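The values are calculated or read from the model by the stated rules, or taken from the named source; none is laboratory data. Bear in mind that the values here come from a model prediction, so they are computed numbers and not experimental data. Quick reminder, even Gly has a Cβ in these numbers, built from the backbone with ideal geometry, and neighbours come from all protein chains shown. Please note that ligands, DNA and RNA were not included when accessible areas were found on the heavy atoms of the full protein model with its side chains. Shrake-Rupley method; radii C 1.70, N 1.55, O 1.52, S 1.80 Å.
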Amino acid sequence: MTGDASFRRYLRVYQGGTSYILMDSDPSKVNNDPFVELNACFSQAGLRVPEILATDMAYGLLLLNDLGSEHLADLLQSPHRLAHYQSILALIPSIATVKNSPHMKPYDGVFIQQEIEIFEQWLLGSWLGYEFDNDKKGLWQLCKRRLVENIQSQPHCTMHRDFHSRNIMRDECGWVLIDYQDAVQGPVTYDVVSLLRDCYFRLPGDEFSLLQNESYHVLTRADLLNGMSYSEYQQCFDLTGLQRHLKAAGIFVRLLLRDNKAGYLNNIIPTLNYVIEVAERYDELQWLATWLVNEIMPLIDNKLNSLK
């Protein structure tokens, strides 16, 4: 079956006319304990996740029930798209209540900054060979500090962390969450950003505005925003997305250079377009938008054209 951005692979297997999914996840490359433990945590919170039927942890083999092959990503041209998103937003308060686990890494300032630096290390340095001049370096440090402060200032709860259209499946019983093993305790806006500013699909502007507003009311009714106003929520949402999208653009390049996976390269420019659009709305980040448009995007275009 089609794999994902990790070292795991998936095979559909059959016995007696029943199909199952075999997850092959090399334990020398991947710690599979979070997948198993967080599976139970998500299930206890009333969320549907793959059922683990059998394991051989020494070999990194896990047998799962077969959920079919339909993801939210396959339904994005449906006339029911808006309703799909609304029903998925309703899951976020349940995700927020998933109990903390020893396998959830602390989403602290050091970790948040390290995620942003994936963009700096892999996309700028390793791929483009770009180095900041002194002026840009100072602005970049201030930017990272601002993004860390934004995330730390928000109410924190459990977040799925990869809550996008390719990690939400649907079967005859409804929505199922996959790829939940990197869940952490983090900012309340993170999963909404992942869903509504998806690196793989761009919502039309009117639908995005409606759903962003609805997400605010969903989180408010669940008492997750600590009295945050809608304008405060929008700013937290914007800056959290900026951090996530810088990281994601860096990861797409890392997948190419480290893991020899070129399938994510076409997502780099759409992802950085989110960054540019957000940065343009904030005076302190105008330089970031200008720098990306004038210096970095042309270099990326050249790189992508050279790979064709």
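General observations
- Verdict on residue 225 being closer than 23 Å to residue 48 by Cα, of a type outside the set (Val, Ile, Thr) and over 14 Å from the mean Cα position of the chain (by Cα): no
- For residue 254, the criteria (1) open to solvent by less than 60 Å² (accessible area, probe 1.4 Å); (2) part of a loop (DSSP other than H, G, I, E, B); (3) of a type in the set (D, E, K, R) hold in every case but one, which is (2).
- Hey, residue 54 under 21 Å from the mean Cα position of the chain (by Cα) and among the small types (Gly, Ala, Ser) or not: no
- Within segment 252-265, residues that are under 14 Å from residue 123 (Cα atoms) reach partners that are open to solvent by 30 Å² or more (accessible area, probe 1.4 Å) and part of a loop (DSSP other than H, G, I, E, B) with beta carbons closer than 6 Å, at six or more positions or on different chains, in the pairs 252/264; 255/5; 255/261; 255/264; 256/262.
- Considering each residue of segment 71-89 in turn, at least one proves to be within 15 Å of residue 48 (Cα to Cα) and in contact with a Lys or Arg (Cβ under 6 Å, 6 or more places away or on another chain).
- For segment 145-192, the set of residues classified as surrounded by fewer than 18 Cβ atoms within 10 Å (Cβ to Cβ), assigned to a helix (DSSP H, G or I) and of a type outside the set (Asp, Glu) consists of 145, 146, 152, 153, listed by residue number.
Residue-by-condition table, conditions (1) part of a loop (DSSP other than H, G, I, E, B); (2) open to solvent by less than 20 Å² (accessible area, probe 1.4 Å); (3) of a type outside the set (S, T, N, Q):
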position	(1), (2), (3)
73	no, no, yes
104	yes, yes, yes
111	no, no, yes
126	no, no, no
132	yes, no, yes
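- Selected residue (criterion: least open to solvent (accessible area, probe 1.4 Å)) from residues of segment 48-69 that are in contact (Cβ under 8 Å) with a residue 40 or more places away in the chain and in contact with a Ser or Thr (Cβ under 8 Å, 6 or more places away or on another chain): 62
- Count - residues of segment 193-221 that are in a loop (DSSP other than H, G, I, E, B), open to solvent by 40 Å² or more (accessible area, probe 1.4 Å) and either farther than 25 Å from residue 80 by Cβ or touching a helix residue (DSSP H, G or I) at 6+ places or on another chain (Cβ under 9 Å) (or both): 2
- Within segment 203-231, residues that are on the phi > 0 side of the Ramachandran plot have Cβ atoms under 7 Å from residues that are of a type outside the set (Asp, Glu) and not in a helix (DSSP H, G or I) in these pairs: 226/155, counting only partners at least 6 apart in sequence or on another chain.
- Any chance residue 96 is at pLDDT 95 or above, surrounded by 15 or more Cβ atoms within 10 Å (Cβ to Cβ) and either polar (S, T, N, Q) or touching a strand residue (DSSP E or B) at 6+ places or on another chain (Cβ under 7 Å) (or both): yes
- Subset of segment 70-97 that is small (Gly, Ala, Ser) and without any contact (Cβ under 8 Å) to a residue 12 or more places away in the chain - its residue that is nearest to residue 184 (Cα to Cα): 83
- Screening the candidates 39, 31 for the property of being open to solvent by 70 Å² or more (accessible area, probe 1.4 Å) and either within 19 Å of the chain's Cα centre (by Cα) or within 27 Å of residue 92 (Cα to Cα) (or both) yields one hit, 31.
- For segment 281-304, the count of residues that are assigned to a loop (DSSP other than H, G, I, E, B) and surrounded by 15 or more Cβ atoms within 10 Å (Cβ to Cβ) is nonzero.
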